Amino acid sequence: MDIERLRKMDPAGWGTGLSVENARVCWAEAVEALEQVDREPVEGRAPRRVLLLASANVFTVPLPWMALLSLRGVALRVTAARGLGEATRAMAAAFEGVEVQEWRGGDGEALKRAVAGVDAVMAFGSGETMAALRRQLPEGLPLLSFGPRYSVGVSTLTEPLAVEDLARYDSRGCMSPVGWFTDNPDLDLLSLTMAEAQQKWPRGALSEAEQVAIRARLVLAKMVGKLRTGEGWAILQLPSRFFSPDALPRVLQIYPSETIGQLDPRRMSTLAGRGPLPAAPRHCRPGQMQRPAASRWHDGIDVLACLWGRPFEEWKP
């Protein structure tokens, strides 16, 4: 692993969909996490080669797995997510035993080439993508799949750091907060913090679907809650019955704190907060939600142990 080479890379031209400023800070934090990458030995029989099917919403998804597997001498084949071929190839060049292959969902022949010679498959994506893979992969080939999950924050105090969690990757990815559970939030302070984040790390382009979804939530907040908006951001304070597990770029959605217990922790990825917290696969402090450690664990699963032969079991609170 050539971490100095990684530090010198500039994601500005990689087509991440983020603003240059946001792409750079996300990249710097992802590379920084590799300084403490998990190097503990893994019990069991190591796979010779693993296929990683990465999603497109977070461009740094392949990076920790490149490090975790290459450091243990396991070859890794990565399929570049849509539009992220240049980014994936740049990352792979800093590791030994990592190759990049093009593949698009629905291309059966390309999938056959991608799985040729691999001992296991890791996949990140939508529920539809995971279901399709289960149908298309050769019988007996282990699949470790990570479908859609959501993350939330909880605090009795207004958390300006929630805005930083929201800004990273423009609120895309399973570790982005879809909601923050708190009482009597200081909407003036949060509005100021949202505007400052937009100035430091401007929001990137929105898809048509995202624009439609944001407009619908703004209308809802006007009708039943409280709403603050600015260039590139919005704050919605809503009753808990309108909770949505879908993250929207730079939209901070606030709900009453006592309703956090109504959520199913088995659908969560990360829960941020201070003090005692309800069960979740991963806990962290505010401001750290989209800065996970370069760990063998993901969504409560010891990924390396599974790849080394341990039966895959869903996380249970």
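The values are calculated or read from the model by the stated rules, or taken from the named source; none is laboratory data. The structure presented is a predicted model; accordingly, all values stated were derived computationally and were not measured. FYI the Cβ positions are ideal-geometry reconstructions off the backbone, even for glycines, and counts take in every protein chain you see.
For the reader, a short list of remarks on this structure follows.
- Any hit, region 75-85, residues being assigned by TED's automatic domain parsing to the domain that holds Ala123, without any contact (Cβ under 8 Å) to a residue 60 or more places away in the chain and touching a Pro at 6+ places or on another chain (Cβ under 8 Å): yes
- Filtered by the rule that a residue be surrounded by fewer than 16 Cβ atoms within 10 Å (Cβ to Cβ), in contact (Cβ under 8 Å) with a residue 24 or more places away in the chain and assigned to a helix (DSSP H, G or I), region 1-21 gives Ile3, Arg5, Arg7, Gly13, Glu21.
- Residues in region 144-153 include at least one that is over 22 Å from Ala30 (Cα atoms) and of a type outside the set (S, T, N, Q).
- Of the set (1) surrounded by fewer than 22 Cβ atoms within 10 Å (Cβ to Cβ); (2) under 16 Å from His298 (Cβ atoms); (3) within 20 Å of the chain's Cα centre (by Cα); (4) among the hydrophobic types (A, V, I, L, M, F, W, C), all apply to Val42 but (3).
- Checked against (1) touching a Phe, Trp or Tyr at 6+ places or on another chain (Cβ under 7 Å); (2) over 27 Å from Ser207 (Cβ atoms), Trp14 passes all but condition (2).
- Here Met289 fits the description: in contact with a strand residue (DSSP E or B) (Cβ under 7 Å, 6 or more places away or on another chain) and not assigned by TED's automatic domain parsing to the domain that holds Ser171.
- Cβ-Cβ contacts under 8 Å between residues 6 or more apart (or on different chains), taken from a first residue in region 124-148 that is in contact (Cβ under 8 Å) with a residue 40 or more places away in the chain to a second residue that is outside any helix (DSSP H, G or I) and among the basic types (Lys, Arg), are absent.
- Of the candidates Arg39, Arg82, Arg24, the single residue that is over 14 Å from Leu307 (Cβ atoms), of a type in the set (Lys, Arg) and in a helix (DSSP H, G or I) is Arg24.
- Top-ranked residue in region 198-212 [being among the small types (Gly, Ala, Ser) and under 12 Å from Ser19 (Cα atoms); ranked as nearest to the chain's Cα centre (by Cα)]: Gly204
- Of all residues in region 109-162 being aliphatic (A, V, I, L, M), within 29 Å of Leu187 (Cβ to Cβ) and surrounded by 19 or more Cβ atoms within 10 Å (Cβ to Cβ), the one that is farthest from the chain's Cα centre (by Cα): Val154
- Any hit, region 213-221, residues being surrounded by 22 or more Cβ atoms within 10 Å (Cβ to Cβ), of a type in the set (Lys, Arg) and outside the structural domain of Val58 (by TED's automatic domain parsing): no
- Within the option set Leu236, Leu252, Leu227, being assigned to a strand (DSSP E or B), under 19 Å from the mean Cα position of the chain (by Cα) and modelled with pLDDT of 95 or more holds for one residue only, Leu252.
- Out of Arg48, Arg39, sole residue that is outside the structural domain of Ser171 (by TED's automatic domain parsing), in contact (Cβ under 8 Å) with a residue 40 or more places away in the chain and out of contact with any Cys (no Cβ under 6 Å at 6 or more places or on another chain): Arg48
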